[in-house]
Amino acid sequence: MKKALFVLLIIFIGAFLMGGTCGGPQEVPMEEPPEVEQPAEEPEKEGQEPEVVERPEVELTSTDFEKAYFDFDKYNIRPDARTALEYNAEVLKRHPEVDILIEGHCDERGTVEYNLALGERRANSVKDYLVKLGIDASRMRTISYGKERPVDLGHNEVAWQKNRRAEFKID
Amino acid sequence: MKAQSIVFFIISLLMMVSINSGSAQRFEIWSEIESSGFEPIKLAINQVSIRGEASPEDSGIAEKIYRVLNDDLDFHFVLDTVMIDPFILKLWEKDEPDLFIWKQMGADHVLNVTAEFSEEKIRLDYSLQNLRLQSFRETASDSYRLDRQYWRYLAHTISDEVVERLTGYKGIFRTRLAFITAKTGNKEVYISDYDGYNVQPVTNNDSINISPVWDAKSESILYTSWKRGQPDIWEADLKDSEHKLIASYPGINSAPAISPNNREMVLTLSKDGNAELYLTDRKGKIKRRLTNSFAIETSPAFAPSGREIAFTSDRTGGRQIYMMDTEGLNVRRITYLGSMNESASISPDGSKIAYVTIGPRGSFDICVADINGSNYKIITDSGFNENPRWAPDGLHLIYSSQWGDRSVLYISDYLGLKKRLVCNQPGSSNPCWSGYLR
């Protein structure tokens, strides 16, 4: 009897190992999008300290602000986005009369509806970060365009990265 | 002795559980149809003959009607048209196939259509003959008359009749589509016949418009638009072309789903901080909040009971499809395979669900499964595919497909066997199929 029990135990352990992870859903591993270089937007400004220069009275436009970029399906602020937002915060501090609209955008993959919500998350994420940097929340509005307003109409990782962004517009 | 047999029992029970749980996760290719030996009904369609006088233009219309009948009936899931090679006709020494020839070619039924043209109107008579019955008995016939300009509609009427007589299913050939194209440079809402003809604009606001949805009576279209500077939900009444603002809360207003009794809607609103689902009345007044989580919840779809809703949520980190009731209770996850599943649409009889998955190809494919998620079949194999929506017969679907710069719309049966391109305007997307209009 003891021998039979022992054999059963071995079979049981074997079956358990073959059955794999019992009970949990198998995730089909998704390919990670390839590593993307920093987007080459206005290269002379990358990595430099924000210039603290006395500006003459000039109308601020949206081109005075840096864009923040995001990873696929994510809305957290990456290190390169942090730099961009710190720069933008400086600009906002020097122009306290200006209010901004933060736009959240996504790349073309996935549903229209989900990307609308993800774009909103990105815009809110940027706004929250700027609040942490000392900008008054009342100066900032957010809006999402989902995947409806790409800047790059390409269908590759370079284009998609350019589209996963938050943009600043004067409100 | 007793203790040992109890241990024996427990171990063998655990063994059975561990062996079975591995296979439950394997996806089952849909074999129900194939194993039951389903064969489409074979239909032969004779050239449309003309009774009385007809101008060359009229003859042209008769020819076009024949084309429409062929395109309609050959596309239908339950039917296949039988064609005959002119070479074979020569062998039989005939100019046109007769019933015996059609039977030789494998046809089960023959459709005969006769057109008669008058000043303003066109009349179509049709008859169906069953080649499986002795003497090839005529089993149905009828006659329709309309103004000439509606010749397409007349042809679709006959196609619907034929489908109903031969298969018992109601025909979809007089239903309509709603979708987005960017042919003007802006994303605007359009409607068309089920086959993409007779395109008519619904919006023309030079803004961004997305996600058109037919209401349950197919009398109006709800859509999301940035025409007032933020994403709001509007309703366009197709009878009087009035556009009404339905939802304009702060944040996102999008993705409406209409209940089958046309009395309730589920909207995606982010007014409370995060994209959540809300049950509203038909005018957009909120009855109850349905979801309340840190996750994004969107893309709601009603089940035909009107008491259950499928939706997308990323509460486990990736987008998956869930079901809940209209109280927001009994939430359960439907999709487990693949890293991303969204854009659910429930068939009109409630038995199946179509959705978008990242399949084995690693790209976005349309998947059709039983409502509980089993019997899973992927019906596309190239491009980025999105937005599957059922036709009212529960046999066919529409979806959008993108390759590079081309974004087009396809209709298909639910097994992906027969597909038909219905719209190739630039940026065609967000398709939706109407209900029956008669």
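The values are calculated or read from the model by the stated rules, or taken from the named source; none is laboratory data. A quick note: this is a predicted structure, and the numbers were derived from the prediction, not measured. Glycine also receives a Cβ, built like all others from the backbone with ideal geometry; neighbour counts cover every protein chain displayed.
Taking strands (runs of 3 or more DSSP E) that do not extend beyond the range B:396-438, which have at least 3 residues that are surrounded by 21 or more Cβ atoms within 10 Å (Cβ to Cβ) and more than 14 Å from every other protein chain (Cβ to nearest Cβ)? Write out each step before concluding.
On the way: elements: B:396-403, B:406-413, B:419-423, B:429-433.
Passing ranges, in order: B:396-403, B:406-413.
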Q | Positions within the range B:91-120 being at pLDDT 95 or above and under 18 Å from residue B:60 (Cα atoms), in sequence order | A | B:112, B:113, B:114, B:115, B:116, B:117
Q.
Any residue in the range B:294-320 that is under 19 Å from residue B:282 (Cβ atoms) sitting within a Cβ distance under 6 Å of a residue that is of a type in the set (S, T, N, Q) and part of a loop (DSSP other than H, G, I, E, B)? List the pairs, counting only those 6 or more apart or interchain.
A. B:302/B:259; B:306/B:259; B:306/B:261; B:307/B:326
Q | Whichever residue in the range B:49-66 is surrounded by fewer than 11 Cβ atoms within 10 Å (Cβ to Cβ) and in a helix (DSSP H, G or I) and, among such residues, is nearest to the chain's Cα centre (by Cα) | A | B:57
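Checking the conditions here, which among B:193, B:206 is of a type in the set (Asp, Glu) and within 25 Å of residue A:149 (Cβ to Cβ)? Talk me through it step by step, then tell me what you get.
On the way: B:193 fails: within 25 Å of residue A:149 (Cβ to Cβ).
The unique qualifying residue is B:206.
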(Q) What's the total number of residues in the range B:226-242 that are of a type outside the set (Ser, Thr, Tyr) and either farther than 22 Å from residue A:142 by Cβ or outside the structural domain of residue B:252 (by TED's automatic domain parsing) (or both)? (A) 7
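Here is a check on your reading of the model: is residue B:257 outside any loop (DSSP other than H, G, I, E, B), within 20 Å of the chain's Cα centre (by Cα) and small (Gly, Ala, Ser)? Don't jump to the end; show me each part of the working.
Values: outside any loop (DSSP other than H, G, I, E, B): yes; within 20 Å of the chain's Cα centre (by Cα): yes; small (Gly, Ala, Ser): yes.
Yes; evaluated as a whole, the condition is true for this residue.
Take the conditions within 13 Å of chain A (Cβ to nearest Cβ) and of a type in the set (A, V, I, L, M, F, W, C) and apply them to residue B:344. Does it pass?
Working: within 13 Å of chain A (Cβ to nearest Cβ): yes; of a type in the set (A, V, I, L, M, F, W, C): yes.
Yes.
Would you check if residue B:193 is closer than 21 Å to residue B:438 by Cβ and touching an Asp or Glu at 6+ places or on another chain (Cβ under 9 Å)?
No: the conditions fail for residue B:193.
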Q) In the range A:109-133, which residues are in contact with a Leu (Cβ under 9 Å, 6 or more places away or on another chain) and either farther than 22 Å from residue A:60 by Cβ or not in a helix (DSSP H, G or I) (or both)? A) A:110, A:133
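Does residue B:262 qualify as being away from chain A (no Cβ under 11 Å) and not basic (Lys, Arg)? Break it down stepwise before answering.
Working: away from chain A (no Cβ under 11 Å): yes; not basic (Lys, Arg): yes.
For residue B:262, the condition - away from chain A (no Cβ under 11 Å) and not basic (Lys, Arg) - is met.
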Q. So which of B:180, B:122 ends up being under 30 Å from residue B:207 (Cβ atoms), surrounded by 21 or more Cβ atoms within 10 Å (Cβ to Cβ) and not charged (D, E, K, R)?
A. B:180
**Q.** Sole exception among (1) within 17 Å of residue A:78 (Cα to Cα); (2) among the hydrophobic types (A, V, I, L, M, F, W, C); (3) more than 14 Å from chain B (Cβ to nearest Cβ); (4) crowded, with 21+ Cβ neighbours inside 10 Å for residue A:100, by number
**A.** (1)
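Quick one: which of B:381, B:393 is in a loop (DSSP other than H, G, I, E, B), of a type in the set (Asp, Glu) and surrounded by fewer than 19 Cβ atoms within 10 Å (Cβ to Cβ)? Explain how you work it out, then say what you get.
Details: B:393 fails: surrounded by fewer than 19 Cβ atoms within 10 Å (Cβ to Cβ).
Being in a loop (DSSP other than H, G, I, E, B), of a type in the set (Asp, Glu) and surrounded by fewer than 19 Cβ atoms within 10 Å (Cβ to Cβ) holds for just one of B:381, B:393, which is B:381.
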(Q) Filter the range B:141-171 down to the residues that are under 16 Å from residue B:116 (Cβ atoms), touching a residue at least 60 places away in the same chain (Cβ under 8 Å) and aliphatic (A, V, I, L, M) and list them by number. (A) B:154, B:155, B:158
Q) Taking the range A:141-171 on its own, how many of its residues are within 14 Å of chain B (Cβ to nearest Cβ) and without any contact (Cβ under 8 Å) to a residue 60 or more places away in the chain? A) 16
Q: Tell me which residues, restricted to the range B:323-362, are in contact (Cβ under 8 Å) with a residue 40 or more places away in the chain and acidic (Asp, Glu).
A: B:342, B:349
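Can we say residue B:69 is under 33 Å from the mean Cα position of the chain (by Cα) and modelled with pLDDT of 85 or more?
Yes, satisfied.
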Q) Hey, does the range B:324-339 have a residue that's closer than 30 Å to residue B:208 by Cα and either in the same structural domain as residue B:79 (by TED's automatic domain parsing) or part of a strand (DSSP E or B) (or both)? A) no
**Q.** Which listed residue, of B:298, B:312, B:357, B:268, is in a strand (DSSP E or B), of a type in the set (S, T, N, Q) and either outside the structural domain of residue B:399 (by TED's automatic domain parsing) or in contact with a Cys (Cβ under 9 Å, 6 or more places away or on another chain) (or both)
**A.** B:357
**Q.** All positions within the range B:250-282 that are hydroxyl-bearing (Ser, Thr, Tyr) and in contact (Cβ under 8 Å) with a residue 40 or more places away in the chain
**A.** B:254, B:259
